[in-house]
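Have a look at the structure below before the remarks.
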Amino acid sequence: MRRPILAANWKLHKTRAQARAFVDSFLPLVKDADSVDVVIAPVFTALDAVGQALEGSRVALAAQNVSAEPSGAFTGEVAVNMLVDVGCRYTIVGHSERRTLYGETDDGVAAKAAALLAADVHPIVCVGETLEEREANRTLDVLKTQLEGSLAGLPDDRAAEIVIAYEPVWAIGTGKTATPEIAQEAHAFIRERLRERFGAGGDAMRIQYGGSVKPDNVTVLMAQPDIDGALVGGASLDPEAFSQIVHFERARA
Ligand code: PGA
C-alpha cells in the first residue's frame with residue numbers, strides 16, 4: 001500500500017511571520033492525520049522558521065528547489081546539505097514554473113534528484129504537459145520524455161524514496177482541474193513507465209496529482225487507483241483549506 005502524501009507548495013508566498021502563523025493554525029487541525037504524509041514547502045528564507053515550528057509534529061519540511069552542486073561559486077544557489085541543515089526531508093525539483101520560467105531541463109532535474117537522494121532527501125520530481133502539447137495529442141510522449149530524462153541515472157534501489165508529481169501545466173493556478181479520469185489516465189501511464197524503469201520498485205512510488213487541487217475535488221482525485229497524493233499551490237496557503245485536503249478521507253466516509 002502506498003501511503004498518501006499531501007504537499008503544500010507555497011511558491012513565492014509568506015514571510016517568516018506569516019509562515020509561522022500558518023503552522024500555528026494548521027498543526028492543531030491535522031494532529032490526528034496519522035495515516036498520511038504531510039509536507040510543507042515554504043520559500044528558502046522561511047525554511048528554518050517553519051522547520052522549528054514543525055518540530056515534534058508529523059509534518060515534514062520541503063524546499064521548492066535546490067542546486068545539484070555541493071558548494072562553490074554558484075551565486076544565488078542553495079545546496080542539499082544546507083537544506084538538510086534546516087531539516088528538509090523533501091525537495092520539489094523540476095516544477096513546471098522552474099522549467100518554463102527558469103529554463104530547467106530534464107538533465108538538470110535528474111542531477112538535482114541524484115544529489116538529494118545521496119543525502120537521503122526525498123525528491124518530488126514534477127512532470128506535466130502544456131495545453132498546446134495536450135491539444136496536439138502529445139501528452140504521453142511529453143511525459144515519457146520528461147520521466148526518462150528526469151529520472152536518468154537514479155539508483156534503482158532508491159525508487160520508493162522518489163515522489164513523482166504529475167502537474168498538467170494547463171491546470172496549475174487556473175482553477176481548471178483535470179477530471180479524475182484524465183488524471184488517472186496520465187497517472188496509469190506514468191506508473192507503467194516507472195515499472196519499466198524501476199521494476200517492482202515502480203509500484204512503491206507515490207505519484208501526486210497537482211493543478212488546482214481544492215478541498216472539494218481532492219477526494220474524487222484521491223479515489224483513483226494511481227493517484228497517491230496531491231501537490232497543492234493556491235489552496236495550501238490557507239490552513240483550513242489545506243487541512244481539509246489532508247483530511248480528504250473524511251469526505252469519502
Ligand atoms: P495550484 O498549484 O494548486 O495553485 O494549481 C499547484 C502547483 O503548481 O504545484
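From the convex hull of the Cα coordinates of the stretch 116-253, what is the mean projected area in square nanometres? Can you show the working numbers first?
Working: hull surface 34.1 nm².
So the Cα hull casts an average projection of 8.5 nm².
Looking at the stretch 64-106, which chymotrypsin sites (Phe, Trp or Tyr not before Pro) are DSSP coil and have at most 15 other C-beta atoms within 10 Å of their C-beta?
Of the chymotrypsin sites (Phe, Trp or Tyr not before Pro), the ones in loops of the stretch 64-106 whose Cβ has at most 15 other Cβ atoms within 10 Å are Phe74.
Ratio of Rg to Rh for the chain, alpha carbon only, Kirkwood? Mind dumping the intermediate values first?
Details: Rg = 16.8 Å, Rh = 18.0 Å.
Result: Rg/Rh = 0.94.
Averaged per residue, what accessible surface does the chain expose to a 1.4 Å probe, in Å²? Before the final figure, lay out the partial values.
Numbers: 11300 Å² over 253 residues.
On a per-residue basis, 45 Å².
Of the listed peptides 199-205, 22-28, what is their order by residue-averaged count of other C-beta atoms within 10 Å, with the highest listed first? Write out the running numbers ahead of the final one.
On the way: 199-205: 15.3, 22-28: 17.3.
Ranking, from highest mean packing down: 22-28, 199-205.
Let me check I have the definition right: for the stretch 86-157, take the eigenvalues of the Cα gyration tensor, multiply each by 5, take square roots. What are those semi-axes in whole Å, largest first? Don't jump to the answer; show the numbers that get you there.
On the way: eigenvalues 116, 37, 17 Å².
In descending order the semi-axes read 24, 14, 9 Å.
Run the quick spin-label model on Arg89 and Thr15: label points 7 Å from Cα toward the beta carbon, then report their separation in nm to one decimal.
Rounded to a tenth, the inter-label distance reads 3.0 nm.
Would you work out the relative contact order for the chain, in percent, from Cα pairs under 8 angstrom that are 6 or more residues apart?
Numbers: 493 pairs, mean separation 52.2, N = 253.
Relative contact order for the chain comes out at 21 percent.
Can you send over the solvent-accessible area of His13, 1.4 Å probe, protein chains only, in Å² to the nearest 10?
Its heavy atoms expose roughly 90 Å² to the probe.
Using the beta-carbon distance between Gln52 and Phe74 and R0 = 35 Å, what value does 1/(1 + (r/R0)^6) give for FRET efficiency, to the nearest 0.05? Walk me through the numbers before you get to the answer.
Values: r = 27 Å, r/R0 = 0.76.
With a Förster radius of 35 Å, E is 0.85.
Would you mind telling me the share, in percent, of accessible area of the chain contributed by carbon and sulfur at probe 1.4 angstrom?
On the way: 5850 of 11300 Å².
Carbon with sulfur: 52 percent of the solvent-accessible area.
For the chain, what does the helix formula give at 222 nm: sum of -39500 (n - 2.57) over DSSP H segments with n ≥ 4, over the residue count, nearest 500 deg cm²/dmol? Could the numbers behind the result be given before it?
Values: 12 runs with 109 residues, N = 253.
Rounded to the nearest 500, it is -12000 deg cm²/dmol.
With loop defined by DSSP as not H, G, I, E or B, and exposure as at most 14 other Cβ atoms within 10 Å, which is the longest segment of the chain clear of exposed GluC sites (Glu not before Pro)? If you can, show how the numbers build up before the last one.
Numbers: sites that count: Glu55, Glu77.
The segment 78-253 is the longest one with no such site.
The values are calculated or read from the model by the stated rules, or taken from the named source; none is laboratory data. In this text, all values refer to a predicted model and were calculated from it rather than measured experimentally. In this analysis, Cβ positions are derived from the backbone assuming ideal geometry, glycine residues included, and neighbour counts consider all displayed protein chains. With ligands, DNA and RNA removed, areas are computed over all heavy atoms of the protein, side chains included. Shrake-Rupley method; radii C 1.70, N 1.55, O 1.52, S 1.80 Å.
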